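Only one structure is covered here, and it is reproduced in the block below.
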Amino acid sequence: MQRSADSLPVTGTITRRQVFEDCALVATYHHPGSRLENHRHESAFFVVVLEGAYYQTCRGREALCDVNSVRYLAPDEVHASNFRLGSLCLNLEIRPHHFCEIEAPLSKIDSGEIRHSMATNICRSLWNEFSSQDNLAGFAVHTAILDLTGLLNRVKIGRAISPPNWLEKAREYLDAYCTSSMSLPQLSRAVERHPTHVSREFRRWYGKSMIQFVRERRILRAREMLLLPERSIADISSACGFYDQSHLTTAFRRQFGYTPAQYRLTRVHG
C-alpha cells in the first residue's frame, strides 16, 4: 500500500520520453479506473491532457483536468489523481536547478491551472517535437517553459487567463447533469447570468458550445460505464442520455474510431 505523500517520478505507462539537460518531455497513458493516492514529485511539472480526462485533488479541491486545461504542479506539491475515464497526458518535467534561469522563477509560483487556448497550443506543439528530426527540440521546450511561466504570472496578478468562477460553476453543472434533460434557462438561473452571456462566454473560454461539451461528457460517461460488465450496452445508452444503442454506437465510433462493443471487448475481456 502506497504511503501518503510519497515522492514519485512520473507515473502511468510511459509511451514516449525525450530527455534534455534540465527538463524532459514524457507522454504517459493512464488506464481507466486507475488512481494515485496522495503523492508528490521532486520536480515541477506542466501537464496537458491529449486525450480523455482525469480528476486531480490538490489542497483539498478536486478539479477536472481535460483537453482544455494545462495544470502546473510545483515541486513537492501533494496531490492525488483519479483516472476513472482514462487519459493520455504530456508531462513537461522541469528539474529544480532550471528555476534560476527563468525570468519569473517558477519557484515563486503556486500550483494552478491555465485555461486558455494559448497554453494548450503551446503544450500541443511540444507533442509534435517528439517526431521532430532536427536539433531545435530543446530550444522549443525552453521557450514553452518561459511562455507558460508568463501565463502563470498573469494568473497570479489577476488577469483574465482563467474562466470566472460562475463559468466554472456552469461547466461543473453541465458535467454533473450531462445525462439528464436540461435547458439553457435552467442553467442560467443556476449561475445567475443571462443565457446569451453564458452561451457566448462558454464558447469563448472552452472553445466549444455547451451542446458539444454535454455530448462529449455523455460519451465519456458511457465509456466509463462500459468497464462494468454487468451493465448492458443498451442500458448504458439509456443511462447516458442516448436515444438508443445505435445512437450511442454512432457517437462512440465517431469520437474514438471503434464501437462500444469493441471497446468493452479489449478493456474488459482483453
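What are the pairs, 6+ residues apart or on separate chains, where a residue within region 183-209 that is under 23 Å from M118 (Cβ atoms) has its Cβ under 9 Å from a residue that is crowded, with 16+ Cβ neighbours inside 10 Å and among the basic types (K, R)?
Within 9 Å, the pairs are E201/R193; F202/R171; W205/R115; W205/R171; Y206/R115; Y206/R171.
For region 200-249: of the residues being closer than 21 Å to S87 by Cβ and charged (D, E, K, R), which is modelled with the lowest pLDDT?
Ranking the candidates gives K208 first.
Yes or no, residue by residue, for (1) acidic (D, E); (2) at pLDDT 85 or above:
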site: A44; (1), (2): no, yes
site: V48; (1), (2): no, yes
site: E51; (1), (2): yes, yes
site: T57; (1), (2): no, yes
site: G60; (1), (2): no, no
site: A63; (1), (2): no, no
site: D66; (1), (2): yes, yes
site: H79; (1), (2): no, yes
site: N82; (1), (2): no, yes
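Which of the residues spanning region 127-144 are at pLDDT below 70 and either outside the structural domain of V70 (by TED's automatic domain parsing) or among the charged types (D, E, K, R) (or both)?
Across region 127-144, the qualifying residue is only D134.
Among the listed residues A170, A234, which satisfies the condition of being in a helix (DSSP H, G or I), surrounded by 14 or more Cβ atoms within 10 Å (Cβ to Cβ) and either in contact with a helix residue (DSSP H, G or I) (Cβ under 9 Å, 6 or more places away or on another chain) or not assigned by TED's automatic domain parsing to the domain that holds G33 (or both)?
A170
Applying the selection to region 210-226, what residues are crowded, with 17+ Cβ neighbours inside 10 Å and either free of Cβ contacts under 8 Å to residues at least 12 places away in the same chain or not in a helix (DSSP H, G or I) (or both)?
Within region 210-226, just L226 meets the criteria.
In this structure, does S43 turn out to be hydroxyl-bearing (S, T, Y), closer than 26 Å to Y263 by Cβ and not assigned by TED's automatic domain parsing to the domain that holds E172?
In short, no.
Residues of region 13-40 being within 15 Å of the chain's Cα centre (by Cα) and among the acidic types (D, E), which ones?
Hits for region 13-40: nothing passes.
The values are calculated or read from the model by the stated rules, or taken from the named source; none is laboratory data. No experiment lies behind these values; they were computed from the predicted model shown. Here Cβ is always computed from backbone atoms with ideal geometry, including for glycine, and neighbour counts include all displayed protein chains.
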